[in-house]
Amino acid sequence: MMAFLTFAAEGPNGQFIPSDVKELYFGAAAFAVVLFFLVTKLFPVISKALGAQGDKVKAELEAADAAQKAADAEVAALKAKLGNAQADAEQMVAEAKAQAERLGVDLAARAEADAAAVRARAQADAEAMRAQAGADLQAELTTKALAIAEEVAQANLDDATQAQLIDQYIDQVGASS
């Protein structure tokens, strides 16, 4: 650079080499000294700084790769959990459907049993009513038969014949019902 300034300070002479050759030698020696100091002192510092920067970039890339692998592993784990959750949900739905079906069958069986019990009670009540009606009818008939028998007996029968007629009438009514 110094040589350039030196060339610029002089006027143009139409030649590439200056008119004073000593100036060229001193300029070249100064350039060599500056170049020597640059190569021995500045370039190693620059090289070291660039190497450190490269190492830093490498470390950051390795950290980024590790973070990417960790993120991929976490995504895979989350997908597995999601898959398990979906399978669990499907299993829960299937179990709920099965339980609802069992409950429906149980309710239908219980309703059928209740209906059968109601029918049995109704039939028992009907039988009891029929028996009660038969007993009431027999009592009513007995009362009427006694009344008729009393009228007939008073008219022309004695007590023994009257009792025999009543018993025969009751037996006939009891056999027909």
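Can you say whether Ala139 is without any contact (Cβ under 8 Å) to a residue 12 or more places away in the chain and within 30 Å of Ile166 (Cβ to Cβ), as far as the supplied structure shows? Considered against the rule, which asks whether it is without any contact (Cβ under 8 Å) to a residue 12 or more places away in the chain and within 30 Å of Ile166 (Cβ to Cβ), Ala139 comes out as yes. Selection of region 67-91 for residues being small (Gly, Ala, Ser) and either exposed (fewer than 10 other Cβ atoms within 10 Å of the Cβ) or at pLDDT below 85 (or both) yields Ala80, Gly83, Ala85, Ala87, Ala89.
In region 5-22 there is no residue that is at pLDDT 80 or above, in a helix (DSSP H, G or I) and touching a helix residue (DSSP H, G or I) at 6+ places or on another chain (Cβ under 7 Å). Only one of Val34, Val93 is touching a helix residue (DSSP H, G or I) at 6+ places or on another chain (Cβ under 9 Å) and not polar (S, T, N, Q). Can you tell me which? Every option except Val34 fails the conditions. Among the residues here, Gln68 qualifies as assigned to a helix (DSSP H, G or I) and under 34 Å from the mean Cα position of the chain (by Cα).
The values are calculated or read from the model by the stated rules, or taken from the named source; none is laboratory data. Not measured: the values here are computed from a predicted model. Positions of Cβ are generated from backbone atoms using ideal geometry, with glycine treated the same way; all protein chains shown enter the neighbour counts.
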